[in-house]
1. Among the candidates Glu181, Glu145, which residue alone is open to solvent by 10 Å² or more (accessible area, probe 1.4 Å) and at pLDDT 95 or above?
2. Of all residues in the range 87-129 being of a type in the set (Val, Ile, Thr), within 24 Å of Gln57 (Cβ to Cβ) and open to solvent by 20 Å² or more (accessible area, probe 1.4 Å), which is farthest from the chain's Cα centre (by Cα)?
3. For the condition under 30 Å from Arg234 (Cβ atoms) and more than 14 Å from ligand 1 (Cβ to nearest atom), what is the one hit in Lys318, Lys336, Lys314, Lys279?
4. Failed condition for Asp253, given (1) open to solvent by less than 40 Å² (accessible area, probe 1.4 Å); (2) of a type outside the set (S, T, N, Q); (3) away from ligand 1 (no atom under 16 Å from the Cβ), with all others met?
5. Going residue by residue through the range 205-212, is there one that turns out to be among the charged types (D, E, K, R), away from ligand 1 (no atom under 16 Å from the Cβ), surrounded by 18 or more Cβ atoms within 10 Å (Cβ to Cβ) and not in a strand (DSSP E or B)?
6. Which one is nearest to Ile233 (Cα to Cα), of the residues in the range 184-204 that are open to solvent by less than 20 Å² (accessible area, probe 1.4 Å) and either among the acidic types (Asp, Glu) or near ligand 2 (Cβ under 9 Å from one of its atoms) (or both)?
7. Can you name the residue in the range 312-355 that is β-branched (Val, Ile, Thr) and either at pLDDT below 95 or part of a helix (DSSP H, G or I) (or both) and is also farthest from Arg52 (Cα to Cα) among such residues?
8. Any residue that is at positive phi and either within 13 Å of ligand 1 (Cβ to nearest atom) or without any contact (Cβ under 8 Å) to a residue 12 or more places away in the chain (or both) - is there at least one of those in the range 370-377?
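The values are calculated or read from the model by the stated rules, or taken from the named source; none is laboratory data. Note that the coordinates shown come from a computational prediction; the quantities given were computed from them, not determined experimentally. Methodologically, a virtual Cβ is constructed for each residue, glycine included, from the backbone with ideal geometry; neighbour enumeration extends over all protein chains shown. With ligands, DNA and RNA removed, areas are computed over all heavy atoms of the protein, side chains included. Shrake-Rupley method; radii C 1.70, N 1.55, O 1.52, S 1.80 Å.
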Amino acid sequence: MKTKYLYINTIGCQMNVYDSDQISKSLLPLNYKATENLKKADLIIVNTCAIREKAEQKVFSFLGRLSGLKRKKPGLIIGVGGCVAQQEGKKILERVPYLDIVFGTHAIHRLPGIIERIELKKTRIVDIGMTDRIVEIESVSNLPENGKISAFVTIMQGCDNFCTYCVVPYVRGRETSRSPEKIVKEVEGLVNSGIREVTLLGQNVNSYGKKEGLCSFPELLALINEIDGILRIRFTTSHPKDLSDDLIMAFKDNEKLCRHIHLPVQSGSDRVLKRMKRKYTRALYLEKIDKLRNICPDISITSDFITGFPGETKADFKETLDLIKTVEYEGLFAFKYSDRPNAKATLFAQKISDQEKKERLKKLLDLQEIITRKKNQALVGSTQEILVEGFSKKMSSALPRAGKPKTNESLPDNIQWTGRTSTNKIVNFNLESSSVSCGEFFTGSIVNVKIEKAFSHSLWGKYLKLEPATLSLKGGESYAA
Ligand code: 5AD
Ligand code: SF4
């Protein structure tokens, strides 16, 4: 069978990155090979995000760019999947006349069948059925690309919270958790193919398993912590209202659980939190932050914020800035509020002007920038354990082959490596000239790096050569210094 080429444009969150991976793998049996060259593609998939208006605009501007390609190559198949597909359905076919497929968030496993039908007989297909996809994703094996040491694992789908600004429950459906057995099996498979770090994904992992009466999320973490070969475990996202004492204790009980939690607060004002239907108060949130820091003093805490939610006054916004100063986040994501289809807040009065939303966003980000720099600066001089991900981006292009070097392969002395701290900070570093050969130092290991410089989004350091006794490591294993 002739090799065909698949180009995927992934917009949005880690969940979409995971889904795109599933899509590529599910199309391998149809002989589709991934390409990063749009012009070479026989099939183009846009995996879309509907969370904010801007993400949705990105989808349509990308689709607009494809009309010329389709004219030049009439056999080209173009599909739109993910949240915008789920939300808009066949309206997208009407808007984009050269589009062949619209498939929703629960139709990924049906995509190979859809493609086969289109290949046989030129037709246009819309599939936005909401069947239980969790069962189906088991059929696609989640094997990583060569050289990758970190992978996502979806543990649950959908959301039952209906925060008033959010489109997720409408486009991803109700919350459903995968069984712990299947998750553990998937992680074991990943370990066997070289993965050393997993990030467990769900819209609200804290409520994992509750509905189905499966094990709790802290129990799931304990199961994964037991898996040999996994060095680090991360998870995202946590809803503050469901952050239990047991989950807080998990940071003490599981040595592989990274010291980082993303805990989106959205606003520092109780009045706004209530209208957002977040179901916690500022005081309760701060209480949980205190508990986390008591159990794990150097935990890194990050968050999401929305500026200009309908009715947000200047005083409300000031409370948000105060909260940021109080918590001193390691970093944050902030967004201007945008109306979303079906979300309740779309109908709320007292909309805030775009200019005001923008100004508040800038103030918030400027404040956080100062805090992040201060926090990063405080790490200069410290020694951090880094899980090595490979050559740094800058080096990858200069080297003949990026990723995992072979044992004993000789590399330039000035090579730059990249990895992350347990607290999720990116650290680029190099070795002192000829201080170490590749056999003792490679992607997938945890090494000690002395931090020498701090920037806004990364740190720079130097690898600390280990004592000979600690260098008897096997492929990709962790070693302490
Ligand atoms: N407008 C702006 N930001 C939003 N988010 C979710 N919905 C909206 C919206 N309608 C943000 C929240 C959430 C993050 C993923 O996106 O901060 O935590
Ligand atoms: Fe959206 Fe709220 Fe669910 Fe998060 S918890 S996905 S913000 S509805």
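1. Values: Glu145 fails: at pLDDT 95 or above.
Residue meeting the stated conditions: Glu181.
2. The residue in question is Val126.
3. Numbers: Lys318 fails: under 30 Å from Arg234 (Cβ atoms); Lys336 fails: more than 14 Å from ligand 1 (Cβ to nearest atom); Lys314 fails: under 30 Å from Arg234 (Cβ atoms).
Within the list Lys318, Lys336, Lys314, Lys279, the selection yields Lys279.
4. Every condition holds for Asp253 apart from (1).
5. No: the range 205-212 contains no residue that is among the charged types (D, E, K, R), away from ligand 1 (no atom under 16 Å from the Cβ), surrounded by 18 or more Cβ atoms within 10 Å (Cβ to Cβ) and not in a strand (DSSP E or B).
6. It comes out as Glu197.
7. Thr326
8. So in the range 370-377, the residues at positive phi come out as none.
No, the conditions are met nowhere in the range 370-377.
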